[in-house]
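Colleague: Structure provided below as structure tokens; questions to follow.
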Amino acid sequence: MQKSAKLFLTIVAFFTSGPALSDACEQWAARLVSAQGRVEIKPSGKPSWEPAMSEETFCPGDKIRTLARSRASLLLPNQTYIALDQDTIVVFSDGKAEAPSWLELLTGALYARSRTSKPLDIRTPYINAAIKGTEFLIKAGPEGGQVTVFEGEVETSNTKGQVVLKDGQTAVAALGEAPRLALDLRPEDSVQWALYFPPLVDYAALQARVRDPHVAEALRLYADGDIVEALAALDRVPDARRDVDFAALYAGLLLSVGRVDEAEPLLAAQARGAKAPAAIDALRAVIALARNRKPEALDLANRAVQTDPAAASGWMAQSYARQAAFDLEGALASIDRAAALDRGDALVEARRAELLAGLGRWSDARKAAEHAVRINPRHPRAHVVLGFVELMDGDASEALASFGKGAELDSADPLARFGSGLALVRKGELKEGTAAIETAASLDPGDALIRSYLGKAYYEQKRNAVAEKQFDLAKTFDPKDPTPWFYEAIKKQTENRPVEAFKELQRAIELNDNRAVYRSKLALDDDLAARSAALGRIYTDLGFGQRAVVEGWRSLSVEPGNYSAHRLLADSYSSLPRHEIARASEVLQSQLLQPINTTPIQPHLAEGRLLIPDGAGPSRLSFNEFNPMFTRDRFSFQASGIAGSNDTFGEELVHSGLWDNFSYSLGQFHYETNGFRKNNDLRQDIYNVFAQGMVSPNLSIQAEYRHRHLEHGDLLFYGNLETFDDSFRREVTTDSIRTGLRYSPTANSDVILSAMYLDTLHNRVEMILSRIPKNLSETMSQRGFAGEAQYIYRRDPFDLILGGGRRDLSVELSNELASSLGLSSERIAYHIRHSNAYLYSHIRFPKTMTWTLGMSYDSSCNQWVGDYGQVNPKVGLAWELTADTILRLAAFRTFDRGVEHDATIEPTQIAGFNQFFDGYPTTDARRYGIGLDHKFSSDLMVGLEASLRDMITPILPKVSLDTQSEILKQEEMLYRAYGYWAINDNFAAGLEYQFDIYTSGDETRYQNHIAPLSLSYFHPSGLSSTITVTYVNQEALERNDPSSRNHDDNQFALLDFALRYRLPNRFGTAGFVVKNVLDQQFDFLGQNSLGYRTGRLEETPLFIPERTMFFHLTLAF
């Protein structure tokens, strides 16, 4: 009868008050987001209080109040969120457009979050607060008032005076006194009533098990959402029957409405003695967790399960504590123990689904979530977790419905609002999604992870100032979570603050198990977009390229299937000469492993040999930095261009779109230059079309078409400015169609497949100098298929990478020699068949050592150079001597495959030493390396390495299949060192040194000493500049050959200057670069050593022997 009467009154209130309120005022003054307990409204002009309903709107002049053991959250029209403590009364303003909004707090406590530029005044009988985009608490009691600022600035005042408060400050005022500063050692404790305490027990499911009628009545009332009456029913339980279970139930219901001040004394009374009951310690663990006291929470939870292994609440608390410590496997093990005790608990099943989703076991997570809904269709967390599973499946609309159902059943659950926010953003509704995440933050203001995501949402809206405040709050609430440090590093990099970004990233790495690649600490969100951010840009902007390599291979040694780790390594390789194959291979692997194309690949990135000097192309050799932090439906367009000396011109255009589970990108790249001498011109065009679909979270497919046309003259550096071939011309046209697949059969394994059809045509013309000059015209075509497959398995402390590939190409070669003596021609057709297989493993034992052990086998049937089969052992060690010092050792053997498209999905490095270099087909190479990397502090780091690479290369002196190849022995010795210093927030300096010795046969072709010293300046306004002085000393062998005469013992110093400006609101960048400012003329023998080193008649120049100037512009929309 009581329940029916209450339902009748609620319906009457809804039909009489709700519509009347919305009709009575043109502009609503507030909307009720969440209500727990008794929340009532007194409409303006009416004498009595009425029950308030969730999502109800209120008019100016209305009053709202919360009764004992009740709380509410409201949204104001200017997107200000306020939370009301128990026993609070508020009057809404009249809402005049020309005047500041205001609220009157008659009594109680109010917690406000404002991110609007419009002023908001809150008045109390004793002290008033004027705010503008801040976060604070205000109290009004019978003897005085108090204001505490958590973030921002608040002006407190009354008729006696005023005080301006900033972060962490508190002011108090009594009747007749001016506001004054007061000391509050733990201001966050004053808003504990607003925190969300995760449930341990499905109280509604206990109804059938209890015998006490008062307890049964309390549970029934709780299931109906009447917590106040439920607590009142428990108050009627006789003292004689108030045991430990009663205390745990009573405290749990108190925590559900934020009454930790009442619950703690009750729990403390039960915890007296040597060993507290398990249910009591479990609840105390939840309280500690809500306060971000994670070690204490884990200790209490462990004690609970030790005290009573048969108590599900202890295992539940332990799962929360382990998840907070980022131990998802351990958290799942804990909840599995709870599930074994009761298979019919909806809360336990929902919790299992949550953790299974966090581990990437989406199929199992869906089954568990659906099972939880079947057990108890009215359990809010079951619907919420099901929503996250649906969101990962790409069905944002279904996810929104599930999140909405969860919020309807428990309007105070922040996870339901948080999930709604993510789903709305995923659908492209950024403004609405941000509002939902703001609601989640208002429901649990102390949740660090929600704060991080809210900052990320503000960043997406280009509201960087308020985004930074949210990241700072997240760091305060949970100093050990890498999430806010990682997000803020991305933000600061786009604000032209790379030194600060670098420091933030270093801190994120330290908190992320020394991995540079971030994995979301939210179990239910993969955070794909943020993980795809171009982290390499932070290092590139600072000139810290060698350190980027270190962080890249360290991340891959821990997570070889993480596509963002491959992107970071690809970016880091862009600054290293002769790493073109490795860079293109890492790009390919990142494409195959990405779940969906959140970050489109610029057309030039997948090409191994662009032949463009560093800084002279329309865009950098790294992933673009103008990417969203959220995966969301959107279209984007980016244009880059360059114009400069030697008639240099280039542009790159990329358009991309993401819609539900489908993404695509269209790209075009063009570059042309006349070069610094006659017949040194270069022209190339690249077009690509890429599409990807996500069939499920575990399966995605992709396809790509690429076209490249390249024309150039003589690009080799002969060591003499006067020496070049003015007759040499080369033209290459390549078309390729590639398909790819990623399948994750389990949470700790991945399968990737790549299949490609390749069609390449080469044309070369040059004059052969002899007694009678002759023109050589050569045409070569390659057509065929290439396919690779790889299986990745991860299980701490090791992983396995098993794979193989097959390349089957048909080659036709023709040449004609025309002279005054007649015409001769020859056509040759042959096949290249190459197969390979490999197995790699990273073994982390002991914890400070990462061993890389591997073996590969290459089989080559090449009618041009012969048949070969080779076994290639691999061994490497990365030893963390200290937390800041890494010793690297490597020894391995490789085989050059001799195919035109040589990007591969095989691992490219061993302990940070690159495996794949350009070379002659079937080259047998052995490389041995040692390196040491040390970080003195987050501002200063150094490193050095030395390596030896021995090669045995077959050389064909004549054009014929019958010609026997000759063996050429080559040797490369490389010594490299670096020192990087982040001087302060505006300056960064870098010094690198490279000593490179190349020997062919018994002849040392050259010895290079190259030492660049750079100093960079960055200003938050967007301006930055870099000055680089590079000292070069080359010793090259002088011979009688005219092509290499007069180039020994060359030394020179080059001065480069760059001035850049970052456009506001991440719209792009503009730059002016001068290479070789002093216009130095010098002789230099290129690294390809006249083509003898690789057999390729091309090379990318390290330096240009004249002054060159370039203008860059990049626009992003």
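Colleague: Helices from the chain with mean Kyte-Doolittle at least -1.0 and a Cα length along the axis of 24 Å or more, per DSSP H: which?
Modeller: Those that pass (Cα extent of 24 Å or more, hydropathy at least -1.0) are 2-24.
Colleague: Against the empirical 2.2 N^0.38 Å scaling, what ratio does the C-alpha Rg of the chain come to? Please list the in-between numbers first.
Modeller: Values: Rg = 34.0 Å, N = 1117, 2.2 N^0.38 = 31.7 Å.
Scaled against compact globular proteins, the figure is 1.07.
Colleague: Return the subset of Lys456/Lys492; Lys469/Lys492; Lys431/Lys462; Lys166/Lys462 for which the Cα-Cα distance in this structure is over 21 Å, preserving the input order.
Modeller: Lys166/Lys462
Colleague: Dividing the Cα convex hull volume of the range 176-298 by residue count, how many Å³ per residue is that?
Modeller: Spread over its residues, the Cα hull of the range 176-298 gives 164 Å³ apiece.
Colleague: Report the FRET efficiency, 1/(1 + (r/R0)^6), for Arg783 and Ser727, where r is their Cβ-Cβ distance and R0 is 25 Å, rounded to 0.05.
Modeller: Details: r = 29 Å, r/R0 = 1.14.
Rounded to the nearest 0.05, the efficiency is 0.30.
Colleague: At a threshold of 8 angstrom on Cα-Cα distance, excluding pairs fewer than six apart, so keeping six or more, what relative contact order does the range 198-342 reach in percent?
Modeller: 16 percent
Colleague: Quick one: net charge of Arg65's neighbours, Cβ under 13 Å, K/R +1, D/E -1? Show your work: numbers first, answer last.
Modeller: Details: positive: Arg38, Lys42, Lys63, Arg71; negative: Glu40, Glu50, Asp62, Asp85, Asp87, Glu104.
So the environment of Arg65 carries a net charge of -2.
Colleague: Hey, can you grab everything whose amide H is under 5 Å from the amide H of Phe150? Only 5+ residues off in sequence or another chain; H modelled, so Pro and N-termini drop out.
Modeller: Amide H neighbours of Phe150: Glu135, Phe136, Leu137, Gly168.
Colleague: Sorted from fewest to most neighbouring beta carbons within 10 Å, what does the list Met756, Met629, Met849 look like?
Modeller: Met849, Met756, Met629
Colleague: OK, next. Once amide H atoms are built 1.01 Å from N in the peptide plane, which residues 5 or more positions from Ile828, or in another chain, come under 5 Å H to H?
Modeller: The answer is Leu813, Ser814.
Colleague: Moving on to the next point. For Ala52, list long-range residues whose amide hydrogen, built 1.01 Å from N in the peptide plane, is under 5 Å from its own amide hydrogen.
Modeller: Those lying under 5 Å, H to H, from Ala52 are Val39, Glu40, Ile41.
Colleague: Let me know the shape class of the range 536-1116, please: from the alpha-carbon gyration tensor, a ≥ b ≥ c as square roots of the eigenvalues, rounded when a/c is under 1.5, otherwise prolate if a/b is greater than b/c, or oblate.
Modeller: Taking the square roots of the gyration eigenvalues as a ≥ b ≥ c, the range 536-1116 is rounded.
Colleague: Follow-up question, since we're still on this one. Could you give the nm distance between label points at Leu802 and Ile828, where each point is 7 Å from its Cα heading toward the beta carbon?
Modeller: With each label placed 7 Å out from Cα toward Cβ, I get 4.0 nm.
Colleague: Follow-up. Any idea what the alpha-carbon Rg over 2.2 N^0.38 Å comes to for the range 963-1012?
Modeller: Here the Cα radius of gyration is 1.86 times the empirical estimate.
Colleague: So what J values fall out for the range 1004-1016 if you push phi through Karplus, 6.51 cos²θ - 1.76 cosθ + 1.60 with θ = phi - 60°, rounded to Hz, Gly and Pro as x?
Modeller: In residue order, the calculated couplings are 7, 5, 7, 10, 10, 10, 10, 9, x, 10, 10, 9, 10 Hz.
Colleague: Which order do Leu454, Leu991, Leu473 fall in if you start with the one that has the fewest other Cβ atoms within 10 Å? Numbers along the way, then the final one.
Modeller: Details: Leu454 27, Leu991 16, Leu473 23.
By the 10 Å Cβ count, ascending: Leu991, Leu473, Leu454.
Colleague: Here's a follow-up. Can you find, among Leu200, Gly252, Ala310, the residue farthest towards the positive end of the dipole of the range 198-342? Put +1 on the C-beta of Lys and Arg, -1 on that of Asp and Glu.
Modeller: My answer, from the dipole projection, is Ala310.
Colleague: Oh, and also: Please report the spacing between the Cα centers of the range 257-304 and the range 195-255 in Å, no decimals.
Modeller: Cα centroid of the range 257-304 versus Cα centroid of the range 195-255: 18 Å apart.
Colleague: Okay, next question. Under a Cβ-Cβ cut-off of 9 Å, what is the net charge of the residues other than Val228 that fall near it, where Lys and Arg count +1 and Asp and Glu count -1?
Modeller: Neighbour charge sum, excluding Val228 itself: 0.
Colleague: Can you classify the range 359-445 as rounded, prolate or oblate using the Cα gyration tensor, where a ≥ b ≥ c are the square roots of its eigenvalues, rounded means a/c under 1.5, and otherwise it's prolate if a/b beats b/c and oblate if not?
Modeller: oblate
Colleague: May I pose another question? In a shell of Cβ-Cβ distance under 15 Å around Ala140, excluding Ala140 itself, what net charge do Lys and Arg (+1) and Asp and Glu (-1) give? It would help to have the intermediate numbers written out before the result.
Modeller: Values: positive: Lys63, Arg65, Arg123, Lys139; negative: Asp85, Asp87, Glu104, Asp121, Glu143, Glu177.
That works out to -2.
Colleague: Okay, moving on. For Phe913, Phe676, what's the fewest-to-most ordering of other Cβ within 10 Å of each Cβ?
Modeller: By the 10 Å Cβ count, ascending: Phe676, Phe913.
Colleague: Using only helices, what value at 222 nm comes out for the chain when you add -39,500 (n - 2.57) per DSSP H run of length 4 or more and divide by the total residues, to the nearest 500 deg cm²/dmol?
Modeller: -8500 deg cm²/dmol
Colleague: Which FRET efficiency, nearest 0.05, do Arg343 and Asp243 yield, Cβ-Cβ r, R0 35 Å? Could the numbers behind the result be given before it?
Modeller: On the way: r = 26 Å, r/R0 = 0.75.
It comes out at approximately 0.85.
Colleague: Sticking with this one: For Ala883 and Lys166, FRET efficiency with R0 = 35 Å and r from the beta-carbon atoms, rounded to 0.05?
Modeller: So, using R0 = 35 Å, E works out to roughly 0.50.
Colleague: Let me ask something else about it. Which whole-number percentage describes the relative contact order of the chain, with Cα contacts under 8 Å and a sequence gap of 6 or more?
Modeller: Dividing the mean separation by the residue count of the chain yields 5 percent.
Colleague: Using a/c under 1.5 as the rounded threshold, could you call the range 537-673 rounded, prolate or oblate? The axes a ≥ b ≥ c are square roots of the C-alpha gyration tensor eigenvalues, and prolate needs a/b larger than b/c, oblate otherwise.
Modeller: Judged from the Cα gyration tensor, the range 537-673 comes out oblate (a/c at least 1.5, b/c at or above a/b).
Read-outs: derived from the displayed coordinates by stated rules, not from any lab. The shown structure was predicted, so the numbers you read here are calculated from the model rather than taken from an experiment. When we count neighbours, we look across all protein chains shown, and the Cβ atoms used for this are built from the backbone with ideal geometry, even at glycine.
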